[in-house]
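The structure appears below as structure tokens.
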Amino acid sequence: MTKKDKRGDTALGELLRVPGGEPVDLSSYDSGALPVGPTRKKTGLKSTGRTGRHLADLQERLWAASTAGDRRRVLLVLQGMDTSGKGGTVKHVIGLLNPSGCRIHAFKAPTPEERAHPFLWRIEKALPRPGELGIFDRSHYEDVLIARVRELAPREEIDRRYDEINQFEQSLADDGVTVIKCFLHISYDEQRRRLLKRLDRPDKHWKFSPSDIDERALWPAYQEAYEIALERCTTPYAPWYLIPADRKWYRNWAVSRLLLEHLRALDPRYPKADFDVAEGRRRLLAT
């Protein structure tokens, strides 16, 4: 957890994991907290760089293992309010890895074709393949977040979706997918600062829309929608992790360390050669 006074040397995943089956009150979590790890930006950036080297090694091993039939893969889900840093996390964390082993998908408003199918249809099409690291910038949770706030579906249908999501994520875990769900938690004031920076910089105007202000006016409703999703969809096989995201460098450090912990737990191995290595060496030297 990341309660305001929580610190310690426990595994990061245990500290950031949202308790399952309990009501979630986001106001009790400090979006600027440094619950564990580096406390200064310079140190944090260096630590993230070092973590990247370990991640790259484990990613290569995961991909190599898949060539020998290992079906395991990883899915990183990034959710959060606008400006919380979903795209920034992809750039600064996933940018440390080999892009050929990553499958990144940014979910926008569903297309007419997607709306004609069950809400998980488009999600299933974007899942990582064996050996890959999949990254969702927004995800199936949009269908219980913005859909709830904007009343895009009947409340009874939205309530059914939580159970559908849990069943879906259980099926992923059963099929060898490690699901890492990160809620990037920023404060109301920090969002204002980031939106103002977009207005102050001409090179960031493309990232701003007047509708961002309309969505911001619905902040309390979105916080409630997130609280419900975090409570109802935190499970042993697909827990939510709450990432303090007011400090961008700490957000990146925390997500990279979470990835590292999970990949280390998977401990992928390079497959053994299925040919005679000594004979191959002898033949090559003879050429």
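Odds and ends about this structure:
- Complete set of residues in the range 92-108 that are part of a loop (DSSP other than H, G, I, E, B) and closer than 23 Å to LYS46 by Cβ: VAL93, LEU97, ASN98
- Hey, ALA116 exposed (fewer than 13 other Cβ atoms within 10 Å of the Cβ), hydrophobic (A, V, I, L, M, F, W, C) and without any contact (Cβ under 8 Å) to a residue 40 or more places away in the chain or not: yes
- Odd one out for PRO99, checked against (1) more than 14 Å from the chain's Cα centre (by Cα); (2) open to solvent by 30 Å² or more (accessible area, probe 1.4 Å); (3) under 29 Å from ASP274 (Cβ atoms); (4) modelled with pLDDT of 95 or more: (4)
- Checked against the criterion of being over 21 Å from ASN252 (Cα atoms), hydrophobic (A, V, I, L, M, F, W, C) and surrounded by fewer than 13 Cβ atoms within 10 Å (Cβ to Cβ), the candidates LEU199, LEU152 yield just one match: LEU199.
- The single condition from (1) in contact (Cβ under 8 Å) with a residue 12 or more places away in the chain; (2) open to solvent by 40 Å² or more (accessible area, probe 1.4 Å) that SER84 fails is (2).
- For the range 57-81, residues that are over 18 Å from PRO271 (Cβ atoms) and either open to solvent by less than 10 Å² (accessible area, probe 1.4 Å) or charged (D, E, K, R) (or both) total 7.
- Residue match in the range 233-247 (condition: at pLDDT 95 or above, aromatic (Phe, Trp, Tyr) and farther than 26 Å from ASP174 by Cβ): no
- Candidates in the range 261-282 are the residues that are open to solvent by 90 Å² or more (accessible area, probe 1.4 Å) and not in a helix (DSSP H, G or I); of these, the one that is farthest from GLU60 (Cα to Cα) is ASP276.
- Meets criteria (out of contact with any strand residue (DSSP E or B) (no Cβ under 8 Å at 6 or more places or on another chain) and in contact (Cβ under 8 Å) with a residue 60 or more places away in the chain) for LEU78: no
- In the range 173-194, the count of residues that are of a type in the set (A, V, I, L, M, F, W, C), under 30 Å from LEU62 (Cβ atoms) and surrounded by fewer than 17 Cβ atoms within 10 Å (Cβ to Cβ) is one or more.
To keep it simple, each residue is scored yes or no on (1) out of contact with any strand residue (DSSP E or B) (no Cβ under 8 Å at 6 or more places or on another chain); (2) aliphatic (A, V, I, L, M); (3) at negative phi.
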residue: ILE94; (1), (2), (3): no, yes, yes
residue: LEU97; (1), (2), (3): no, yes, yes
residue: PRO110; (1), (2), (3): yes, no, yes
residue: LEU120; (1), (2), (3): yes, yes, yes
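- For the range 241-251, residues that are in a loop (DSSP other than H, G, I, E, B) and hydroxyl-bearing (Ser, Thr, Tyr) total 0.
- The residues on offer are ALA229, ALA238, ALA225, and the sole one that is part of a loop (DSSP other than H, G, I, E, B) and under 18 Å from GLY20 (Cα atoms) is ALA238.
The values are calculated or read from the model by the stated rules, or taken from the named source; none is laboratory data. Keep in mind that this is a model prediction, so the values were computed, not measured. Cβ: placed from backbone, ideal geometry, glycine included. Neighbour counts: every protein chain shown. Surface accessibility is based on the protein's heavy atoms, side chains included, excluding ligands, DNA and RNA. Shrake-Rupley method; radii C 1.70, N 1.55, O 1.52, S 1.80 Å.
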